[in-house]
1. All but one of (1) open to solvent by less than 50 Å² (accessible area, probe 1.4 Å); (2) of a type outside the set (Gly, Ala, Ser); (3) outside any strand (DSSP E or B) hold for residue 3; which doesn't?
2. Does residue 11 satisfy being part of a loop (DSSP other than H, G, I, E, B), out of contact with any Asp or Glu (no Cβ under 8 Å at 6 or more places or on another chain) and on the phi > 0 side of the Ramachandran plot?
3. Looking at the range 5-53, which of the residues that are touching a residue at least 24 places away in the same chain (Cβ under 8 Å) and over 25 Å from residue 66 (Cα atoms) is nearest to the chain's Cα centre (by Cα)?
4. In the range 19-37, what residues are more than 23 Å from residue 1 (Cβ to Cβ) and hydrophobic (A, V, I, L, M, F, W, C)?
Amino acid sequence: VPVLFKQTLENTETEEGKSVSLCCELTKADATVVWKKGEVTLQASAKYEMKQKGTLAELVIRNAEPEDA
């Protein structure tokens with residue numbers, strides 16, 4: 001059975017320099033989630049934090065810049 005998103009990821013806005021959190025819920029617990037910006041896979045760093053618990057996956061972007069759009 002394929003893993004699906006329960007809801008479409010929605011656009012989120014924040015002010016430049018602030019943090020923003022993007023969340024999604026999956027149909028299967030602990031499925032592997034890969035966050036990408038275009039074709040580039042994001043890696044955990046001081047800027048990007050990836051969290052996952054059960055069916056919920058979250059990406060936190062710190063110090064948001066226009067390039068993060």
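The values are calculated or read from the model by the stated rules, or taken from the named source; none is laboratory data. The structure displayed is predicted, hence computed values, not measured ones. Reconstructed Cβ throughout: ideal geometry from the backbone, glycine too, with neighbour counts over all protein chains shown. When the accessible area is computed, the model is the full protein with side chains, heavy atoms only, and any ligands, DNA or RNA have been set aside. Shrake-Rupley method; radii C 1.70, N 1.55, O 1.52, S 1.80 Å.
1. That leaves (1) as the condition not met.
2. For residue 11, the condition - part of a loop (DSSP other than H, G, I, E, B), out of contact with any Asp or Glu (no Cβ under 8 Å at 6 or more places or on another chain) and on the phi > 0 side of the Ramachandran plot - is not met.
3. Checked the range 5-53; the qualifying residue nearest to the chain's Cα centre (by Cα) is 25.
4. 20, 22
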